Amino acid sequence: MVEIRWHSRAGQGAVSGAKGLGDVVATTGKEVQAFALYGSAKRGAALRAYNRISDEQIFNHAKFMHPDFVLVIDPALAFTDNIEVNEKDETKYIITTHLSKEELIAGIPALKGKEDRVFVVDCIEISLDTIGRSMPNSPMLGAFVKISGMFELDYFLENMKRVLSKFPQKIIDANMDAITRAYNEVK
């Protein structure tokens, strides 16, 4: 089973990102969960969203997990939200930041020694450039596709177009650009 934990603030699209990822995963025949726990959170409050992906039926519905991937879409939460809690020896971190990987790790002692498992991409800048507002969930999905190797980019894009089909074409195209750019820029 692959477990993914998203760290975000309400309004940044982590819940939609987790559900969109779940929708694409479902097209592969795998079992998937996508959920969030945030209670009565208001825009800007910290929250966590989760995905589980398995070849078998998933019976575990708890929020507690040992994530294979930690996706941090709010840069400040990388420093304040204990992103390494319950990590595995192979947990990979994809973090939204304008900092270099070295600068980021220097500021987060818990990530020292994990340089080969830490990836950075500026999802906020990418979303501002492509979507026109700070909506870092789509770029994070692009970075996840690259780092996880779970999908070919073209397959993911085609399925995300279907997920986003309720939106105007301009928004769909902007999200496709954001996903592709993050896929190419994640380091």
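The values are calculated or read from the model by the stated rules, or taken from the named source; none is laboratory data. For clarity, every value in this text was computed on a predicted model and none was experimentally measured. Neighbour counts run over all protein chains shown; Cβ positions are idealised from the backbone, glycine included. Quick note on the areas: whole protein, heavy atoms, side chains included, nothing else; ligands and nucleic acids left out. Shrake-Rupley method; radii C 1.70, N 1.55, O 1.52, S 1.80 Å.
Observations
- Across region 91-101, the qualifying residues are those that are in contact with a helix residue (DSSP H, G or I) (Cβ under 7 Å, 6 or more places away or on another chain) and in a loop (DSSP other than H, G, I, E, B), and the one among them that is most open to solvent (accessible area, probe 1.4 Å) is 98.
- Selection status of residue 165, more than 13 Å from the chain's Cα centre (by Cα) and of a type in the set (Ser, Thr, Tyr): yes
- Lone unmet requirement of (1) crowded, with 20+ Cβ neighbours inside 10 Å; (2) farther than 17 Å from residue 22 by Cβ for residue 129: (1)
Condition check ((1) under 20 Å from residue 160 (Cα atoms); (2) under 13 Å from the mean Cα position of the chain (by Cα)) across all residues:
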{"position": "1", "(1), (2)": "no, no"}
{"position": "9", "(1), (2)": "no, yes"}
{"position": "14", "(1), (2)": "yes, yes"}
{"position": "27", "(1), (2)": "yes, no"}
{"position": "62", "(1), (2)": "no, no"}
{"position": "65", "(1), (2)": "no, no"}
{"position": "73", "(1), (2)": "yes, yes"}
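- Whenever a residue of region 165-176 is under 14 Å from residue 126 (Cα atoms), its partners that are polar (S, T, N, Q) and assigned to a helix (DSSP H, G or I), lying with C-beta atoms within less than 6 angstrom and at least six residues away or across chains, give the pairs 174/130; 175/138.
- Within region 1-53, tally of residues that are of a type in the set (A, V, I, L, M, F, W, C), farther than 17 Å from residue 155 by Cβ and open to solvent by less than 10 Å² (accessible area, probe 1.4 Å): 5
- Residue count for region 54-90, restricted to those that are assigned to a loop (DSSP other than H, G, I, E, B), open to solvent by less than 10 Å² (accessible area, probe 1.4 Å) and out of contact with any Phe, Trp or Tyr (no Cβ under 8 Å at 6 or more places or on another chain): 1
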